[in-house]
Amino acid sequence: MDWTLLLYKTIFLFIIFLITLVVAMYSTYGERKVAAFMQDRIGPNRAGIFGLLQPLADGVKMFMKEEIIPLTANKKLFILGPSIAMSTALLTGVVIPWGGMLNIGGREFSMQITDLNIGILYVFAMVSIGVYGIMIGGWASNNKYALLGAIRAASQMISYELAMGMSIVALVLTTGTLSLHEIVSQQHGMHWNVFYQPLGFLIFMTCAFAETNRAPFDLPECETELIGGYHTEYSSMKLGFYLFAEYINMFISSAVIVTLYFGGFNMPFIDQLGLSPNFVTLLGSLFFFLKIFAFIFLFMWIRWTLPRFRYDQLMNLGWKGLLPLAIFNIMATGVYYYFTELI
Amino acid sequence: MIFLFYFLSAIMIISALLVVLSRSPINSVIFLIICFIAMAGHYILLNAQFLAVVHIIVYTGAIMVLFLFVIMLLNLNKANIPQKTSLTRIAAVVTAGLFFLVILAATRHTFEFHARYAFNSNIGLVSDVGKVLFHEFLLPFEISSILFISSMIGAVMFGKRDVKEL
């Protein structure tokens, strides 16, 4: 057993876990500030300077509230729902390459928890398991609105998973690998995949919005028709878990988008600066996070700009719009590589 | 590794039993999902990562979601299972016992406790699976894809006919 590596991985895992939670926490603050900015308001400014302690106050509030489990609910499944939602949201971060190689005491350590040779598919598998959190929670509540929300969520996620998978197939055709670390390494020096797969990127991003249940695809919880959708009956920290899982998903899907299409931790002109390798790695990670934050901002921007889809519009877009477009993208990519023989 | 094998096997067997034994259909589905995830763990132990992840995506992520979907829409609950008479129960036990006997007799001489082929630790990796599928088993692979397409078209046609009648 290599104890140094084990220790490093444990510490690194813990750091990533903390960063994920903190980013998700401050995304709630960011969302409210962005919403306020878009609607010409001030936003939260009471707790701490600029309202920076607002997420902490919200967290304490969530923990302190009375917890109500409806009498008619299936108690075990009612607890299982938010647990699954939270766990699957956190599990995805394991395969994302957060940075390059770190040199600590003469040894090279990768800033990635594990580099699976099926990295993309692992992300995809976690996304597909994530549906259960919403479905089980919605069903166990024994409430008509919750059930409707759960069914909407499940059908939406299944429909958009298809187009998402197809856009990934086209990306895999371009990169020739499923490992996320190799995909990032190939994008070194501004060879970002978004320039090679612009259509695939648009499809992937639209599907990412749908998979995270964010506006304009937030039908599962649309408050005007369904009160709160799948989490109508939830209170206290269980509700907090559902809301928090959404923000974690937003962070992780931004990270996946950046990894797949926007060069991951690669920074333009980094080779010309002539810095030490460790510094380059850390700067790359910083740049990676900047790109992620840009995407999180995009998520919020779109939420406060576009109105919600109607259910039939959503299904039409998924099955008749994105899926054929994604299949066309695969064919076009295949034909292109067949004739230029880049593979 | 041996510990993991027994651990996963225990999870699989217990959850598989619970699929059959639990009264409420939704619990059965959840135990089946646990069983599938444990099976994916077995694939990983055999270094078949691709198989494991595809197993999770297809079975756990798609097929079981549809199962859950149907159960939720039909609102099947434990009360809906009809009570069986003791005659049916005895008949069922006898039939199952006889069937087990037949299976045992038929397969008694075919059990092999040694591996027939040498274990190739790379067999489950994505490039090897792809090579095998597109070289050795190209024809069955393509034929099964035609089967899938035809079943998909069939499903679409079923959906269409309802719309016309309305």
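Observations, loosely collected:
- Qualifying residue in the range A:92-115 (condition: surrounded by 19 or more Cβ atoms within 10 Å (Cβ to Cβ) and without any contact (Cβ under 8 Å) to a residue 60 or more places away in the chain): no
- Condition check for A:Thr72: surrounded by fewer than 20 Cβ atoms within 10 Å (Cβ to Cβ) and either touching a residue at least 40 places away in the same chain (Cβ under 8 Å) or out of contact with any Cys (no Cβ under 7 Å at 6 or more places or on another chain) (or both): yes
- Residues that are touching a residue at least 24 places away in the same chain (Cβ under 8 Å), in a helix (DSSP H, G or I) and of a type outside the set (Val, Ile, Thr) within the range A:136-146 comprise A:Gly137, A:Gly138, A:Trp139, A:Ala140, A:Tyr145, A:Ala146, listed in sequence order.
- For the range A:85-128, taking the residues that are within 14 Å of chain B (Cβ to nearest Cβ) and part of a loop (DSSP other than H, G, I, E, B), the one that is modelled with the highest pLDDT is identified as A:Ile118.
- Residues in the range A:130-143 that are surrounded by fewer than 23 Cβ atoms within 10 Å (Cβ to Cβ) and within 11 Å of another protein chain (Cβ to nearest Cβ): A:Asn142 only.
- Looking across the range A:43-68, the residues that are crowded, with 17+ Cβ neighbours inside 10 Å and either hydrophobic (A, V, I, L, M, F, W, C) or at positive phi (or both) come down to A:Gly43, A:Gly51, A:Met62.
- Sole residue being more than 12 Å from every other protein chain (Cβ to nearest Cβ) and in contact (Cβ under 8 Å) with a residue 24 or more places away in the chain, chosen from A:Ala170, A:Ala150: A:Ala170
- If the condition is being under 13 Å from A:Met111 (Cβ atoms), at pLDDT 85 or above and among the β-branched types (Val, Ile, Thr), then the range A:235-291 contributes only A:Thr259.
- Per-region count, the range A:193-211, residues under 24 Å from A:Asn316 (Cα atoms) and touching a residue at least 60 places away in the same chain (Cβ under 8 Å): 10
- All positions within the range A:37-84 that are among the aromatic types (Phe, Trp, Tyr) and either within 14 Å of chain B (Cβ to nearest Cβ) or touching a Pro at 6+ places or on another chain (Cβ under 9 Å) (or both): A:Phe50, A:Phe78
- The range A:135-174, subset of a type in the set (Val, Ile, Thr) and farther than 20 Å from A:Gly318 by Cα, residue farthest from the chain's Cα centre (by Cα): A:Thr174
The values are calculated or read from the model by the stated rules, or taken from the named source; none is laboratory data. This one's a predicted model, so the numbers in the text were calculated from it and none came from an experiment. Here the Cβ is made from the backbone with ideal geometry for all residues, glycine too, and neighbour counts use every protein chain on show.
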